[in-house]
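Scroll down for the structure; my scribbles are underneath it.
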Amino acid sequence: MKPLHSRRVFLGSGLLAAPGLAQTRIPDRGPQLDRDLVKDFVGAAHGNLEKTQAMLTALPALVNSTWDWGGGDWETGLGGASHMGNRPIALYLLEHGARMDLFAAAMLGRLDVVKAAVAAFPGIHRVAGPHKIPLLAHAKKGGPEAEAVVRFLDSLES
C-alpha cells in the first residue's frame, strides 16, 4: 500500500512554509507611551470622567495602557473605574476600545459574562483583580445593576 504522504513531501512542505513565517512582520507600534501620562490616565479613570475623556481624545492609545503600581499590581483605566464602581467611565472606555475583563463585567452587572467565565474556568471567581480586590467587591461596587452578580458569586462560596 502506497502512503498518502511521503517523508520527502512532508519535509518539503514544512521547509516551504518556514520562509513565510519569517516574513511575518510586527507592525510598527511607535514609541512607548510616556510613563507619567499613563499613570495620570489610569488615575483619572478611577473617578474623573472629564479628564479621562480629554486624555483619551488627545491620545487614543491610552485606552488599554497599563500602570504597574508596584509588585506587579498592574491596572488599566477600566480596572480603576471598575473597582471604584464608576459605571460612566467604564462604559466610556469600553465604547472607545477598552478590553473587557471579568472585573468590569462583574461591576457592570453582566451576569452572563461572569457565569460563562466561571463555567469555563472553575475557581476564577477567587482570582484577585487590581490591588488584590476580589471579584465580589467589584460586583458590590456595581450597585443595583450588579445585584444578580453579587448573589451568584455569594452562592459559589456557600
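The values are calculated or read from the model by the stated rules, or taken from the named source; none is laboratory data. Everything numeric here is computed off the predicted structure, so don't read it as measured data. Note: ideal-geometry Cβ built from the backbone for every residue, glycine included; neighbour counts use all protein chains shown.
A quick yes/no check of all residues on (1) part of a helix (DSSP H, G or I); (2) under 23 Å from Lys132 (Cβ atoms); (3) modelled with pLDDT of 95 or more; (4) touching a Phe, Trp or Tyr at 6+ places or on another chain (Cβ under 6 Å):
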site	(1), (2), (3), (4)
Pro27	no, no, no, no
Val38	yes, yes, yes, yes
Met55	yes, no, yes, yes
Leu62	yes, no, yes, yes
Trp67	no, yes, yes, no
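Which residues, counting only those in the stretch 95-108, are in a helix (DSSP H, G or I) and surrounded by fewer than 17 Cβ atoms within 10 Å (Cβ to Cβ)?
Residue satisfying the conditions is Glu95 alone.
Quick one: which of Glu95, Glu75 is without any contact (Cβ under 8 Å) to a residue 60 or more places away in the chain and touching a strand residue (DSSP E or B) at 6+ places or on another chain (Cβ under 6 Å)? Lay out the reasoning, then the answer.
On the way: Glu95 fails: touching a strand residue (DSSP E or B) at 6+ places or on another chain (Cβ under 6 Å).
When all the criteria are applied, what remains is Glu75.
Hey, among the residues in the stretch 120-158 that are over 19 Å from the mean Cα position of the chain (by Cα) and of a type in the set (Lys, Arg), which one's surrounded by the fewest Cβ atoms within 10 Å (Cβ to Cβ)?
By that ranking, first place goes to Arg151.
Any residue in the stretch 110-118 that is charged (D, E, K, R), part of a loop (DSSP other than H, G, I, E, B) and crowded, with 19+ Cβ neighbours inside 10 Å?
Checking the stretch 110-118: at least one residue is charged (D, E, K, R), part of a loop (DSSP other than H, G, I, E, B) and crowded, with 19+ Cβ neighbours inside 10 Å.
Does the stretch 59-67 contain any residue that is surrounded by fewer than 22 Cβ atoms within 10 Å (Cβ to Cβ), over 15 Å from the mean Cα position of the chain (by Cα) and more than 24 Å from Val114 (Cβ to Cβ)?
yes
Mind checking whether some residue in the stretch 39-51 is more than 19 Å from the chain's Cα centre (by Cα), without any contact (Cβ under 8 Å) to a residue 12 or more places away in the chain, farther than 26 Å from Lys140 by Cα and loosely packed, with under 14 Cβ neighbours inside 10 Å?
no
Taking the stated definitions as given, is Arg151 assigned to a loop (DSSP other than H, G, I, E, B), of a type in the set (Lys, Arg) and free of Cβ contacts under 8 Å to residues at least 40 places away in the same chain?
In short, no.
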